[in-house]
Amino acid sequence: MSEKAEIIKLKPSDVEHVEKIRMQLDSGRQILVHSSEKEELIEIAAPEGEIIMKVRMTDDGPVISVSGAHLELKSTETIALEAKKIKIKAKEKVVVESNGGS
């Protein structure tokens, strides 16, 4: 049975005065929340302190960064990539497979 996460509601006036909120998880990981006039930032840090995931909310839109040994995206339907530019770079090998048509 899963437990529900506690929701913390902050008023805009409260957020302006908070530079960083830090939540320690049982695993040793930490969730850090930063707020400034230009952006809001949510980070997840490994027990050693390395930032492994970052979500920045900027005036230009959200930016998501993930670092780790593996990154998996799974969908029962569609994964769509749409951008002005798409860059894929592999140090060793690229494999594209399809069980259906192109």
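Brief remarks follow.
- With kT/(6 pi eta Rh) evaluated at 25 °C and eta = 0.890 mPa s, and Rh the Kirkwood radius from Cα pairs, the range 12-66 diffuses with a coefficient of 207 µm²/s according to Stokes-Einstein.
- Stretchable slack from Lys20 to Lys89, in nm (0.36 nm times residue separation minus alpha-carbon distance): 21.4 nm
- Taking amide H atoms as placed 1.01 Å from N in the peptide plane, the amide H of Arg29 has no partner under 5 Å among residues 5 or more positions away or on other chains.
- The range 12-66: relative contact order as a whole-number percent, Cα under 8 Å and 6+ apart: 22
FYI, it's all coordinate maths here, none of it is from the lab. What you are looking at is a predicted structure, and each value in this text was computed from that prediction instead of being measured.
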